[in-house]
Protein chains: 2
Amino acid sequence: MKSEINIKSIAEALSVSISTVSRALQNNPKIGLKTRELVLEKAKELKYVPNPASMFLKGKKMFVIGIIVPALDEEFFTKVINTVEDFFEKQGYQVFVFQTRNDMKRQDNALELMLKYRVDGLLVSLAGNTTDYSKFKKVEDFGIPVVFFDRVPRSYKSHKIKCDIQKGAVDAIGFLKDLNCKRIALINGPSNLDASDERLNGYLLGLQKNNIRSSQSLIKSCDLTKKSAMAVMEEFLSQENVPDAIFGFNDYVALYAMLVCKKRGIVPNQEIKFVSYGNLPITSLMSNPPLASVEQFPDKTGMEAAQLLLSIIDNKVEIDDYREMIIETKLVVH
Amino acid sequence: MKSEINIKSIAEALSVSISTVSRALQNNPKIGLKTRELVLEKAKELKYVPNPASMFLKGKKMFVIGIIVPALDEEFFTKVINTVEDFFEKQGYQVFVFQTRNDMKRQDNALELMLKYRVDGLLVSLAGNTTDYSKFKKVEDFGIPVVFFDRVPRSYKSHKIKCDIQKGAVDAIGFLKDLNCKRIALINGPSNLDASDERLNGYLLGLQKNNIRSSQSLIKSCDLTKKSAMAVMEEFLSQENVPDAIFGFNDYVALYAMLVCKKRGIVPNQEIKFVSYGNLPITSLMSNPPLASVEQFPDKTGMEAAQLLLSIIDNKVEIDDYREMIIETKLVVH
DNA sequence: TATTGAAATGCAAATGTTTGCATAATTTTT
DNA sequence: AAAAATTATGCAAACATTTGCATTTCAATA
């Protein structure tokens with residue numbers, strides 16, 4: 001009901017055939033210059049907007065990429081998005097964004113939308129509570145390639161670009177050991193995240209390598225919200241075995257934990273040292289950022305994921321020739 | 001070429017007519033229960049995905065809303081996005097996001113995409129360098145309603161939800177006056193932004209109301225990047241007339257300016273007081289946040305914009321019965 | 001002038017789905 | 001048992017555009 005101008009309207013207004021109009025609009029050289037100009041002019045005059053239906057009917061490419069992230073208010077993801085956009089724009093694609101806010105239902109809806117809009121490819125960082133991958137299967141069965149990045153599925157077979165979380169953890173623990181920390185606590189993320197598992201493993205491995213005894217009382221999880229992270233920190237400060245270092249799931253968690261210290265008059269990074277993941281620019285605004293943070297290179301992650309996706313779209317890599325890539329991490333000391 | 005499964009495949013597989021399949025998939029009660037179940041089962045088995053072409057051909061609603069913002073890494077916009085999503089999800093719509101990164105060309109591309117995908121409505125916060133509104137005209141002529149929020153066009157007629165920037169500035173200056181500040185500097189945004197004009201006007205009005213003489217040397221602009229904001233602050237500190245207060249375009253600008261102070265050993269908010277716009281949660285993580293910040297209520301902005309857009313979509317408000325709304329601001333002292 | 005060749009344009013089929021109308025099958029009523 | 005009412009299914013047109021093939025138009029050549 002929106003606009004009733006179609007190529008037929010233009011054809012009638014100019015007394016030419018529909019095919020002539022169609023070809024003129026595509027700048028087909030078979031159409032004479034005069035006719036072509038007339039058509040283009042009339043199209044503008046009538047405010048013609050092509051109906052995408054035929055694109056879908058004829059199975060044409062849409063030149064659109066979808067990117068699904070857990071959250072838009074995490075700097076890591078916006079950095080990835082920017083890189084992906086820059087890359088695909090150069091290739092003539094547009095990128096649109098969808099956030100799941102860590103909800104699988106929203107994620108599934110997003111996948112249906114991508115299917116409906118026939119995107120040419122999909123980059124995904126998983127919602128935290130993803131338990132069922134059938135929608136991803138559906139998308140891929142349909143022929144739309146999916147590349148996971150950062151928060152990648154544990155067992156589901158697919159293309160994956162992830163960073164070496166474990167090595168980052170080992171480095172971080174080593175750094176704290178050198179500062180003579182002995183009671184290093186981990187504020188981890190939710191247990192259903194693969195990323196949490198890897199942090200825990202890296203943390204334990206790091207302790208082991210540095211001959212530090214691990215303790216159940218120094219390992220706690222939060223759901224990554226401010227409230228939850230602060231509550232966990234309160235627990236640490238209230239218990240008998242008070243940590244002398246905090247290893248945060250990411251910079252935000254560390255910053256939230258620091259807030260609790262400040263509230264209690266404890267100056268961060270003195271009695272209690274902080275390290276975390278992300279090395280996000282936001283920390284550069286703080287007077288007391290974490291002493292060190294594991295850089296995860298969102299630019300590189302985004303670039304690798306985008307390049308892999310394009311290769312699959314261009315049939316240079318088979319859609320089911322699943323590739324995995326590990327992005328190196330680096331502990332950055334501030 | 002992606003998937004060749006259509007309702008015809010299902011119809012043939014079950015030896016029923018295409019119309020029966022179509023109706024069964026729509027849960028049309030005219031179709032017998034057994035048939036319906038058979039069809040649904042077969043559809044799943046064959047991994048049928050409906051072709052959106054017919055939606056477009058028949059002019060059906062897509063139940064999709066687009067939202068275009070200048071940047072995803074500004075907390076204000078992600079908050080608006082969250083609110084808009086929550087609202088529209090309840091109404092059965094999906095929301096997809098596009099960022100322009102303050103580039104009009106990207107914005108125009110995004111508008112073409114919205115047209116191509118036939119979104120039911122559009123929420124837009126303008127790219128900084130928007131000079132030409134013809135693409136917006138095109139979208140609206142086509143019948144897709146557009147509601148601008150926060151960064152709204154100055155002269156282009158449209159639906160607009162914006163906040164009372166000027167009053168915020170006057171309040172902020174009053175606050176600084178009470179702290180005995182006499183040389184209040186403004187670090188404004190780029191001059192092509194309407195939001196910059198309003199801040200300047202509010203700033204000047206505030207000075208006037210408080211009997212403070214304005215000075216050209218206390219007004220500078222940056223392009224909102226960290227580098228640019230810090231450069232401006234350097235200038236202020238190097239010039240003869242050193243400010244005793246900084247009024248920042250937003251919290252980020254103020255935080256960047258504070259970094260310069262710290263680098264020079266000046267403790268922020270002592271010799272030089274800071275106030276800004278946004279009252280963003282991020283400032284709560286700082287040990288020295290701006291003394292006060294003008295809250296712009298992203299939730300309210302998003303909600304009002306979403307509600308207005310829905311009213312237009314539902315034909316409760318005519319698309320060209322342009323509404324404007326001013327969201328009150330509030331100076332929040334930390 | 002007739003013939004050839006090229007350029008410009010038109011016809012009609014094809015694409016996937018919905019839907020009003022028609023028909024067929026079944027059940028209910030007389 | 002026949003007629004009427006109900007239920008289930010099918011036919012075919014409609015939607016906007018593209019495109020292979022056919023046709024027309026016109027200019028150039030023989």
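The values are calculated or read from the model by the stated rules, or taken from the named source; none is laboratory data. Everything numeric in this text was worked out from a predicted model, so none of it was measured. Using ideal geometry, Cβ is built from the backbone for each residue, glycine included, and neighbour counts are taken over all protein chains shown.
Could you give me the residue pairs with C-beta distances under 8 Å whose first residue belongs to region A:37-54 and is at pLDDT below 95, whose second residue is more than 16 Å from DNA strand C (Cβ to nearest atom) and part of a helix (DSSP H, G or I) wherever it lies, and which are 6+ apart or on separate chains?
Pairs found: A:Lys47/B:Lys138; A:Lys47/B:Asp141; A:Lys47/B:Phe142; A:Val49/B:Leu115; A:Val49/B:Lys138; A:Val49/B:Phe142; A:Pro50/B:Lys116; A:Pro52/B:Lys116.
Only one of (1) surrounded by fewer than 17 Cβ atoms within 10 Å (Cβ to Cβ); (2) within 22 Å of B:Val139 (Cβ to Cβ) fails for A:Ile18. Which number is that?
All conditions pass for A:Ile18, except number (2).
Looking at A:Val152, is it modelled with pLDDT under 95 and more than 12 Å from chain B (Cβ to nearest Cβ)?
The answer is yes for A:Val152.
If a residue has to be within 7 Å of DNA strand D (Cβ to nearest atom) and hydroxyl-bearing (Ser, Thr, Tyr) to count, how many in region B:26-69 make the cut?
Counting residues in region B:26-69 that are within 7 Å of DNA strand D (Cβ to nearest atom) and hydroxyl-bearing (Ser, Thr, Tyr) gives 2.
Keeping to region B:76-86, report how many residues are within 9 Å of chain A (Cβ to nearest Cβ) and either of a type outside the set (Ser, Thr, Tyr) or under 18 Å from B:Ile313 (Cβ atoms) (or both).
Of the residues in region B:76-86, 5 are within 9 Å of chain A (Cβ to nearest Cβ) and either of a type outside the set (Ser, Thr, Tyr) or under 18 Å from B:Ile313 (Cβ atoms) (or both).
Out of B:Pro268, B:Pro281, B:Pro289, which single residue is crowded, with 24+ Cβ neighbours inside 10 Å, modelled with pLDDT under 95 and within 13 Å of another protein chain (Cβ to nearest Cβ)?
The conditions single out B:Pro268.
Filter region A:45-75 down to the residues that are more than 7 Å from chain B (Cβ to nearest Cβ) and within 16 Å of DNA strand C (Cβ to nearest atom) and list them by number.
A:Pro50, A:Ser54, A:Met55, A:Lys58, A:Lys60, A:Lys61, A:Met62
Looking only at region A:131-149, count every residue that is surrounded by fewer than 19 Cβ atoms within 10 Å (Cβ to Cβ), within 14 Å of chain B (Cβ to nearest Cβ) and either out of contact with any Lys or Arg (no Cβ under 7 Å at 6 or more places or on another chain) or assigned to a loop (DSSP other than H, G, I, E, B) (or both) and tell me the total.
5
So, in region A:12-22, exactly how many residues are within 7 Å of DNA strand C (Cβ to nearest atom) and in contact with a Ser or Thr (Cβ under 9 Å, 6 or more places away or on another chain)?
2
Here are some conditions: (1) in contact with a Ser or Thr (Cβ under 8 Å, 6 or more places away or on another chain); (2) of a type in the set (A, V, I, L, M, F, W, C); (3) assigned by TED's automatic domain parsing to the domain that holds B:Ser238; (4) free of Cβ contacts under 8 Å to residues at least 40 places away in the same chain. B:Ile187 meets all but one. Which one does it not meet?
All conditions are met except number (4).
Quick check: is even one residue across region B:7-19 within 10 Å of chain A (Cβ to nearest Cβ), under 41 Å from the mean Cα position of the chain (by Cα) and within 16 Å of DNA strand D (Cβ to nearest atom)?
So far as region B:7-19 goes, no, none of its residues is within 10 Å of chain A (Cβ to nearest Cβ), under 41 Å from the mean Cα position of the chain (by Cα) and within 16 Å of DNA strand D (Cβ to nearest atom).
I'm told B:Ile165 meets every condition in (1) crowded, with 17+ Cβ neighbours inside 10 Å; (2) touching a strand residue (DSSP E or B) at 6+ places or on another chain (Cβ under 7 Å) except one. Can you identify the failing condition by its number?
(2)
Looking at A:Arg23, is it more than 26 Å from B:Glu140 (Cα to Cα), near DNA strand D (Cβ under 7 Å from one of its atoms) and not aliphatic (A, V, I, L, M)?
yes
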